[in-house]
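Notes for the one structure printed next.
Bear in mind that the values in this text are calculations on the coordinates, not laboratory data. Here the structure is a predicted model, which is why all the values come from computation and not from measurement. Note: ideal-geometry Cβ built from the backbone for every residue, glycine included; neighbour counts use all protein chains shown.
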Amino acid sequence: MDNPRITQAYGVLALNNLIETGIVEVNNKIQVLEAMDKAMFDELDSLSEEEAEKRAQEMLQG
């Protein structure tokens, strides 16, 4: 990935797709996506590109 923000965006989009297809069930989709976006921003902001991409993949895998 080019930078951690792109990795973060792909992570949030992937989570949205999992919610939309019913693989992940949540009560409040917007709240969950906003929380994921913030958590990824806070964590990925201080990492290198490679570390950020790896961490985003780990976060999505649970």
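Over all distinct alpha-carbon pairs, what is the Kirkwood Rh of the chain in angstrom?
Numbers: mean 1/r = 0.0860 Å⁻¹.
Value: 11.6 Å, from the Cα pair sum.
Stretched out straight at 0.36 nm per residue, the stretch from Lys54 to Gln31 would grow longer than its current Cα-Cα span by 5.9 nm. Taking the fewest neighbouring Cβ atoms within 10 Å as the starting point, the ordered list for Val26, Val12, Val32 is Val26, Val32, Val12. Taking the Cα centre of region 4-61 as origin and assigning +1 to Lys and Arg Cβ atoms and -1 to Asp and Glu Cβ atoms, the resulting dipole is close to 180 debye.
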